[in-house]
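For reference, the structure is listed below as structure tokens.
The values are calculated or read from the model by the stated rules, or taken from the named source; none is laboratory data. In this text, all values refer to a predicted model and were calculated from it rather than measured experimentally. Cβ: placed from backbone, ideal geometry, glycine included. Neighbour counts: every protein chain shown.
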Amino acid sequence: MDDAQVRRWMAIAGLAFVVLLVLTFTITTQVNTTASAAKVVGSVHKHKTELTISALVIGAAVFVGLFFGGYLREHLSTVAINRRLATIAYAGLIVAATSGALDAGIRIAMADAVDHVNPLVVQTLNVLQNDLTGISGSVGFSVFALANGLAIVRNGPLPKWVGWAGVVLGILALPIGAPAGGLWILLASIALLTGTGRRTGVPASLSPAV
């Protein structure tokens, strides 16, 4: 595959991530962290199928998201001064991906174990799914969008407006989380797919790593 084909497929991976993210929110039914054990167990019983399907969808989103992020890191690193920020951004994506994988695992665990464990265990899993994966995902998406945005604004091969969008959405991702990160991935994927952008700066092969 030549570079143009790889770029197109990775852009499609980014778009697929966004579709899967939207699908996850569509089929997810969450119970508040303050809910009683009985309410949590009742909800899990009622939505076992949705929990299992959403876990599989999240797993698929993590899969394609990591491929997209890996390509974007390489793409931005073609300009030498961007390599540090691109690496920081990918580290943020790994944090978000880990959060997503944990979220999926907890959903499967709740659906699988609800009939076999103490209701307090299911209640604890619900708290972890809401709070632990929520904050870690928000931090990860924030770092990913913000660092990529700064790299693009400074000297990136994508349009500068994509970079500024990354800066804004990266900040918003701290309170908002995945929706802000997903929106930036959508914008970056469209820019990659349409081939718009600029190429400035010193190629990475001609400059020492920073």
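Could you grab me the full set of residues in the stretch 32-60 that are over 23 Å from residue 98 (Cβ atoms) and not in a helix (DSSP H, G or I)?
Result: 32, 34, 35, 36, 47.
For the stretch 8-29, which positions are loosely packed, with under 15 Cβ neighbours inside 10 Å, polar (S, T, N, Q) and either touching a residue at least 12 places away in the same chain (Cβ under 8 Å) or closer than 16 Å to residue 97 by Cα (or both)?
29 - this is the single residue of the stretch 8-29 that is loosely packed, with under 15 Cβ neighbours inside 10 Å, polar (S, T, N, Q) and either touching a residue at least 12 places away in the same chain (Cβ under 8 Å) or closer than 16 Å to residue 97 by Cα (or both).
Is at least one residue of the stretch 36-43 within 13 Å of residue 129 (Cβ to Cβ) and not hydroxyl-bearing (Ser, Thr, Tyr)?
Initially, the stretch 36-43 is screened for residues within 13 Å of residue 129 (Cβ to Cβ), giving 40, 43.
Of the ones still in play, those that are also not hydroxyl-bearing (Ser, Thr, Tyr) are 40.
Taking every residue of the stretch 36-43 in turn, at least one turns out to be within 13 Å of residue 129 (Cβ to Cβ) and not hydroxyl-bearing (Ser, Thr, Tyr).
Of everything in the stretch 149-182, what is closer than 18 Å to residue 12 by Cβ and free of Cβ contacts under 8 Å to residues at least 40 places away in the same chain? Give them in sequence order.
Passing the criteria: only 162.
Among residues belonging to the stretch 160-210 that are in a loop (DSSP other than H, G, I, E, B) and touching a Leu at 6+ places or on another chain (Cβ under 9 Å), point out the one that is modelled with the lowest pLDDT. Walk me through it before giving the result.
Filtering the stretch 160-210 for residues in a loop (DSSP other than H, G, I, E, B) gives 177, 195-202, 207-210.
Checking the rest, the ones that are also touching a Leu at 6+ places or on another chain (Cβ under 9 Å) come to 196-198.
On the way: 196: 66, 197: 55, 198: 52.
That would be 198.
Matching residues to (1) surrounded by fewer than 20 Cβ atoms within 10 Å (Cβ to Cβ); (2) free of Cβ contacts under 8 Å to residues at least 24 places away in the same chain; (3) in contact with a Cys (Cβ under 8 Å, 6 or more places away or on another chain); (4) over 23 Å from residue 174 (Cα atoms):
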position	(1), (2), (3), (4)
42	yes, yes, no, yes
48	yes, no, no, yes
53	yes, no, no, yes
58	no, no, no, no
68	no, no, no, no
71	yes, no, no, yes
80	yes, no, no, yes
88	yes, no, no, no
100	no, no, no, no
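So, in the stretch 69-101, how many residues would count as being assigned to a helix (DSSP H, G or I) and over 30 Å from residue 127 (Cα atoms)?
We begin by selecting, within the stretch 69-101, every residue assigned to a helix (DSSP H, G or I); these are 69-76, 80-101.
When the remaining residues are screened for being over 30 Å from residue 127 (Cα atoms), the result is 70-76, 80-87.
So the answer is 15.
If you go through the stretch 52-69 one residue at a time, do you hit one that is within 21 Å of residue 186 (Cα to Cα), of a type outside the set (Val, Ile, Thr) and in contact with a Gly (Cβ under 7 Å, 6 or more places away or on another chain)?
Yes, there is a match, as at least one residue in the stretch 52-69 is within 21 Å of residue 186 (Cα to Cα), of a type outside the set (Val, Ile, Thr) and in contact with a Gly (Cβ under 7 Å, 6 or more places away or on another chain).
I'd like to check something: does the stretch 114-132 contain any residue that is part of a helix (DSSP H, G or I), modelled with pLDDT under 90, out of contact with any helix residue (DSSP H, G or I) (no Cβ under 8 Å at 6 or more places or on another chain) and buried (at least 18 other Cβ atoms within 10 Å of the Cβ)?
yes
Would you confirm, using the coordinates I've provided, whether residue 93 is of a type outside the set (S, T, N, Q) and crowded, with 21+ Cβ neighbours inside 10 Å?
Values: of a type outside the set (S, T, N, Q): yes; crowded, with 21+ Cβ neighbours inside 10 Å: yes.
Criteria met by residue 93.
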